[in-house]
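Scroll down for the structure; my scribbles are underneath it.
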Amino acid sequence: MSVPVPLDPPAAPGRLGESIPATDLLTYLAAMEVWTRATRTQLDHLDAAAHASSTEGSTSDVVLALTMWQAIRDRLDELVVVWDSGRADAVAREQMSQLIWGRLASAQGSALVSLVEAVRLCDAMVDRLRERLAIDPDSEDQAARLRVLRAALVRCEDAAGIDAAAVDRVAGWRDRERALLAQVARGADVSGPLAELESAVARGERDLIVEGSQRRTLVRQRADARTLAQSLEEREPTLHQLAERCRREVVAPPRLAVPDVSRLGDVPETREEVEAFVERLRTVQRAFDTVADAYSAPLRERAELRYRLEGYRAAADTNGRSASTTVRSGYDEARAAVETTPCDVVLARFLVEQYQFLTRDLPAHGEAPR
């Protein structure tokens, strides 16, 4: 956005105490409306440039010029009211000459000058400020760009956090920004260096956002890995106990080792290492599942054989087969196999199935056995 070209203040019509012609007043009011709008736009740009500049006293001068402009604006509003959309009579037009050439009220925050003098003073203040702040009406609004740049640098400082390398990068950009402000205060053309710094900060801010996201992801991944490792470490003693019990209670138990989670070490620092570490943890987790299934299977089968054996005995009592010495011997033999420690699960399974066969109902005469 370009700074608007300054306009010359309009010439005031008539003299104090005379009824000014309506056509002259209409032309003057229209020109004053244009001038006040253009001057206010210039003052806004100068205010922004003053905040971006280190020139001493420039801000207070802008405030003074804005105060003068407001007094002019208020007097112009009074003129518009008296003008009454062109219905002002001779008396009203004489009153307007007093408003134009008479002094402004001190309550309006300006010196005791007339509207005409206030317009000249305000215009002179704008010219002086433009010279002091090296504002070229045809140049880009560097003050606005510098404000945007400073805001981006603040975001970069926040995004850098405690990363030493990122903090150093942002500090370098901040030094370049201060150097640009010093050059602006001296009236130098900083368009090229400013564009380079804007580009560097924009790329840097994007990179810092990505790096920040990656850091947060890494923190979450490390926390998840630490939680998984802790859960596996807590599960490991249970598997050792299960393996010891299986070796103690079962003949020919599985020969699987329980992985040692502690051998994986601590959770690493980098993302690639964390991903590899988590994959190793997943491998250990699958190994734990395999070990648990392998050692618990014969123990579960032994318990199941006990349950089945007692069920078959109840059936034998019901159908009277338990009275047979052969059936009773089959039960005793199967029970001994199931209860013996360590238990030969294969033999126990065979004897339980044999007892199941013995407890079947005897076939009636002429009936095929079931």
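The values are calculated or read from the model by the stated rules, or taken from the named source; none is laboratory data. Quantities reported herein were computed from a predicted structural model and do not represent experimental measurements. Note that each Cβ is placed from the backbone with ideal geometry, even for glycine, and that neighbours are counted across all protein chains shown.
Among the residues of segment 63-76, is any over 20 Å from Ala118 (Cα atoms) and among the aliphatic types (A, V, I, L, M)?
Residues of segment 63-76 over 20 Å from Ala118 (Cα atoms): none.
Checked against the condition, which is being over 20 Å from Ala118 (Cα atoms) and among the aliphatic types (A, V, I, L, M), segment 63-76 yields no hits at all.
Within the bounds of segment 264-271, is there any residue that is part of a helix (DSSP H, G or I) and either at pLDDT 90 or above or in contact with a Leu (Cβ under 9 Å, 6 or more places away or on another chain) (or both)? Yes, some residue in segment 264-271 is part of a helix (DSSP H, G or I) and either at pLDDT 90 or above or in contact with a Leu (Cβ under 9 Å, 6 or more places away or on another chain) (or both). On the given criteria, is Leu7 outside the structural domain of Ile100 (by TED's automatic domain parsing) and modelled with pLDDT under 85? Taking the combined requirement at face value, the residue satisfies it.
Looking at segment 178-191, is at least one residue among the hydroxyl-bearing types (Ser, Thr, Tyr) and in a loop (DSSP other than H, G, I, E, B)? Within segment 178-191 (the criterion being among the hydroxyl-bearing types (Ser, Thr, Tyr) and in a loop (DSSP other than H, G, I, E, B)), the answer is no, since none of the residues qualifies. Selection of segment 278-287 for residues being crowded, with 16+ Cβ neighbours inside 10 Å and under 33 Å from the mean Cα position of the chain (by Cα) yields Val278, Arg280, Leu281.
Please verify whether segment 215-222 includes one or more residues that are closer than 30 Å to Ala160 by Cβ, surrounded by 13 or more Cβ atoms within 10 Å (Cβ to Cβ) and out of contact with any helix residue (DSSP H, G or I) (no Cβ under 8 Å at 6 or more places or on another chain).
Kept after step one, since they are closer than 30 Å to Ala160 by Cβ, are these residues of segment 215-222: 215-222.
Cutting the leftovers down to surrounded by 13 or more Cβ atoms within 10 Å (Cβ to Cβ) gives us 215, 218, 221-222.
Subsequent filtering for residues that are out of contact with any helix residue (DSSP H, G or I) (no Cβ under 8 Å at 6 or more places or on another chain) retains 215.
So far as segment 215-222 goes, yes, one or more of its residues are closer than 30 Å to Ala160 by Cβ, surrounded by 13 or more Cβ atoms within 10 Å (Cβ to Cβ) and out of contact with any helix residue (DSSP H, G or I) (no Cβ under 8 Å at 6 or more places or on another chain).
Against the numbered list (1) outside the structural domain of Phe350 (by TED's automatic domain parsing); (2) surrounded by 14 or more Cβ atoms within 10 Å (Cβ to Cβ), Thr290 comes up short only at (2).
Taking the stated definitions as given, is Arg255 over 35 Å from the mean Cα position of the chain (by Cα), surrounded by fewer than 14 Cβ atoms within 10 Å (Cβ to Cβ), in contact (Cβ under 8 Å) with a residue 24 or more places away in the chain and closer than 30 Å to Ala348 by Cβ? In short, no. Beta carbons closer than 9 Å, at least 6 apart along the sequence or on distinct chains, pair a first residue in segment 282-309 that is in a helix (DSSP H, G or I) with a second that is among the polar types (S, T, N, Q) for Gln285/Ser231; Ala292/Thr238; Arg308/Gln356; Leu309/Gln356. State whether the residues of segment 330-339 include one that is within 30 Å of Gln230 (Cα to Cα) and part of a helix (DSSP H, G or I). No, segment 330-339 contains no residue that is within 30 Å of Gln230 (Cα to Cα) and part of a helix (DSSP H, G or I). How many residues are of a type in the set (A, V, I, L, M, F, W, C) and free of Cβ contacts under 8 Å to residues at least 40 places away in the same chain if we restrict to segment 17-33? Looking only at that region, the number is 2.
Of Ser110, Ser54, Ser19, all but one fail to be part of a loop (DSSP other than H, G, I, E, B), modelled with pLDDT under 80 and more than 30 Å from Arg145 (Cα to Cα); the exception is Ser110.
Evaluating Glu275 against the criteria (1) under 56 Å from the mean Cα position of the chain (by Cα); (2) closer than 25 Å to Gln354 by Cα leaves one unmet condition, (2).
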